[in-house]
Amino acid sequence: MKNALAAEWTKLRTVRAPFGIVAAIGLMVVAGAALSWLIVRDYDGSPAAEQAEFASADSSVVITPVVQFLVAALGALVATSDPRLTALTAVPDRKRLLAAKTVLVATAAAVLGVVALATSTGTSRLVMGDRPPPIAPWDGLGDVLPWAGAAVLSILVTGLTGLGIGLAVRSTAVTVVVVGVLLWGVPAVTPMLPEPWDVDASAVMVPYLVWEVAGVVDDPPLSPAAAVACLLLYALVALGAGTVALLRQDA
Amino acid sequence: MIEVRNLTKRYGGTTAVDDLSFTVHPGLVTGFLGPNGAGKSTTMRMVLGLDRPTGGEALVNGRRYADLDQPLRHVGALLDPAAVHHGRRALDHLRWLAASNGISGRRAVALLEQVGLGGVRDKRIRALSLGMKQRLGVAAALLGDPEVLMFDEPVNGLDPEGVRWIRDLVRGLAEEGRTIFVSSHLMSEMALTADHVVIVARGRLITETPMEALTRNGSLEDAYLDLTSGRGL
């Protein structure tokens, strides 16, 4: 397992695409900080009545869906970028290969998620200063941690989902499209369903699950524990499909 | 030693390999001949555990390839030189393969020099010529200093110098006592390289024989065409 993991890490760091993904995440954090600054500048120049109507200036809320998508693309790359013929000749134990890829993607997703969330919430905090809610939504570290933790968990889940779908469909492009539909396409449609399906279906969509996991939704359809289970189910179903494909298919 | 026992592979209603049995012995170059679609590549893929047999088994030194710990130390294979990430540098390609089997990265550097790619080790694979990619594939096969080596059409894309280099390499490896299994369409090349021949057609074994027995009454090409056209020797 140690050798397989070392090989996967060497593969990841010796091609350009993962560095592009990390750069894109960095760019999102910087763009998010700039957005926070613009919102705060607008807030400071507005009358008190309008200030009460301002949305949060925390950029982590804006960048999290993009980071989810980028990390899912990273998972897809780990699954699909190297031809299976060579990968399985070097590591013919398919379960070991799967385990190495899973550990690598989980670790990379967790690290990227923590760094992105810590940086974006930290810079937002600096920009917002001691301004009151609603522009500053968090009332201290204890307040922001449930949201940040939920966001990191969602990034971890989308990374593993990208890996699982990639192993199942064996195409980076198809995986990225499927992940885009799951993260953005379907959640855009579910609110248009007739009652009560609109609420029920939206409650199990990734963008809404993050808020339910954080426990910051009033009267949520799912408890935080149920939302965590639902979020994890995305990764488990995708990894299950990827495992079946890897174990049963010819290279 | 490679042992293929009653190996069968079916894709739906199509039989690619049909109850094939033969043995590849150490110390010899065994040529694997057959027309296009005869099942040569499929057989080699099943030996490496890449494709799952419908029936039978393929063993390397008495064990299935998938059961070998650090398999690159036992078996080296060049099946498809294009089966690489073309955006990776040549040396990095060997480095990840080395890491996967606990092989020193210094061995990767030395092998690139040995196959004549020392000067392009930091070039991305997409910038290498077909012949250079073939040499990189040979270096990957030799990475674990294995006892068993399998080459599928190893001289494809090589210039005359490269063809001779492969021939000398393969002969030298066999003289060291290694098991060498080589498929090729080039009869003249195989006649110069192989000691033993396995001929297949439509997935079935036509003959398994020493080269000298096959060429006693004429050229390898004549014997091959007689056998694969069903006219016999």
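Read the figures in this text as sums done on the coordinates, not as results from a lab. Since we're looking at a predicted model, the values are computed, not measured. Backbone-built Cβ (ideal geometry, glycine too); neighbour counts: all protein chains shown.
Which of the pairs B:9/B:40; A:101/B:133; A:11/B:123 have their Cα atoms more than 19 Å apart in this structure? Violating the 19 Å Cα-Cα cut-off are A:101/B:133.
Computed over neighbours whose Cβ is under 12 Å from that of residue B:174, the net charge equals -2, Lys and Arg +1, Asp and Glu -1.
What the Cα atoms of the protein assembly as shown give is an Rg and a Dmax of 28.7, 104 Å. Label reach from residue B:159 (point 7 Å along Cα→C-beta): in the range B:88-124, no amide nitrogen lies under 11 Å.
Counted as membrane-span-like here are DSSP H helices of chain A whose alpha-carbon atoms extend 15 Å or more along the helix's own axis and whose Kyte-Doolittle mean is -0.5 or above; these are A:17-44, A:59-80, A:94-128, A:141-169, A:224-248. Computing FRET efficiency as 1/(1 + (r/R0)^6) for residue B:109 and residue A:19, where r is the C-beta to C-beta distance and R0 is 22 Å, gives about 0.40. With R₀ fixed at 60 Å, the C-beta to C-beta distance from residue B:226 to residue A:181 puts the FRET efficiency at about 0.55. Over all distinct Cα-Cα pairs of chain B, the Kirkwood formula returns a hydrodynamic radius of 18.1 Å. Remark on residue B:207: its backbone amide H falls under 5 Å from those of B:199, a criterion applied only to residues 5 or more positions apart or on other chains, H modelled at 1.01 Å from N. Taking the number of Cβ atoms within 10 Å of each Cβ as an exposure proxy, the fewest-first ranking of B:80, A:200 is A:200, B:80. Modelled this way, with points 7 Å down the Cα-to-C-beta line, the labels at residue A:34 and residue A:233 are 4.0 nm from one another.
Extending 7 Å from the Cα toward the beta-carbon at both residue B:5 and residue A:1 defines two label points whose distance is 3.2 nm. With the simple model of a label 7 Å out from the Cα in the direction of the Cβ, residue B:145 to residue A:95 spans 3.2 nm. Applying 1/(1 + (r/R0)^6) with R0 = 56 Å to the Cβ-Cβ distance of residue B:82 and residue A:145 gives a FRET efficiency near 0.70. Of the residues B:133, A:101, A:95, the one with the fewest other Cβ atoms within 10 Å heads the list, and the complete ranking is A:95, B:133, A:101.
In chain A, helices alone account for a calculated mean residue ellipticity at 222 nm of -25000 deg cm²/dmol, with every DSSP H run of four or more residues adding -39,500 (n - 2.57). Rounded to the nearest 20 debye, the dipole magnitude of the protein assembly as shown is 1420 debye, with +1 charges on Lys and Arg beta carbons, -1 on Asp and Glu beta carbons, and the Cα centre as origin. DSSP beta bridges fully contained in chain B are about 55 percent antiparallel. Take every Cα pair under 8 Å whose residues are at least 6 apart in sequence, average their separation, divide by the length of chain A, and the relative contact order is 25 percent.
Can you sort B:22, A:19 from fewest to most other Cβ atoms within 10 Å of each residue's own Cβ? Ordered by Cβ neighbours within 10 Å, fewest first: A:19, B:22.
When the inverse distances between all different Cα atoms of chain A are averaged and flipped, the Kirkwood radius reads 19.2 angstrom.
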